[in-house]
Amino acid sequence: MDSIMSQVNWQEELLEQLMTDYGQDILQLVYTYVRDNALAEDLTQEIFIKCYRALSNYKGQATLKTWLWRIAINHTKDYLKSWHTRHMTVTEAQQFEHLTDNESVEQMIEQQESQRTVIDAVMKLPIKYRELVYLHYFEEYSLQEMAQILKVNRNTLKTRLRKARMLLSEHLERSFENEFI
């Protein structure tokens, strides 16, 4: 009985540490797939529940972080493939940023528009490119780490990342051209 209780306590402590260390990162990763803050929060909670239930099965073949990312990606992709998702439209929520004393309203608006343009361009990429851009540029993973997380050959990732950059560049060029027309 004591052994079972100590294992439960250990799992709860580990889960709490994982949530503290990676909760925000997982939330941002999920958001890149679903593009809705409330939905991303719900899915992130589900991911950590799934993680807790699977902790006893963790084999240590990858780091806990990589293992958690794999759970998050698979869970989110499963959600996106579900009947509900394919038949319902999800709206994107707006986020508000706070001004610092040194920023003017005009500077804030220009910065938000630039960020929104880049984020919109990233979000319009097909998912296989979008997840790479997110993991590489926002999470700063190496190609080797991404290969482990996504279970895709490193050279394939290099090719996809090159294609993602090209698509992103083309989209941003069109956005900026349209802005000045």
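The values are calculated or read from the model by the stated rules, or taken from the named source; none is laboratory data. Everything numeric in this text was worked out from a predicted model, so none of it was measured. When we count neighbours, we look across all protein chains shown, and the Cβ atoms used for this are built from the backbone with ideal geometry, even at glycine.
Please tell me if residue 181 is modelled with pLDDT under 80 and either outside any helix (DSSP H, G or I) or over 22 Å from residue 115 (Cβ atoms) (or both). Yes: the conditions hold for residue 181. Residue count for segment 139-162 under the criterion of being within 15 Å of the chain's Cα centre (by Cα) and over 14 Å from residue 63 (Cβ atoms): the result is 2.
Restricting attention to segment 139-171, which residues are exposed (fewer than 13 other Cβ atoms within 10 Å of the Cβ) and touching a residue at least 24 places away in the same chain (Cβ under 8 Å)? Correct list: 151 only. Would you confirm, using the coordinates I've provided, whether residue 7 is at pLDDT below 85 and of a type outside the set (D, E, K, R)? Judged against the criteria, residue 7 is a match. The set of residues in segment 17-76 being assigned to a helix (DSSP H, G or I), surrounded by fewer than 18 Cβ atoms within 10 Å (Cβ to Cβ), free of Cβ contacts under 8 Å to residues at least 60 places away in the same chain and of a type in the set (Ser, Thr, Tyr) consists of 20, 52, 56. Only a single item in (1) out of contact with any helix residue (DSSP H, G or I) (no Cβ under 8 Å at 6 or more places or on another chain); (2) closer than 19 Å to residue 151 by Cα; (3) at pLDDT 90 or above is not met by residue 42, and it is number (2). Residues of segment 113-129 that are buried (at least 19 other Cβ atoms within 10 Å of the Cβ) and in contact (Cβ under 8 Å) with a residue 60 or more places away in the chain: 122 alone.
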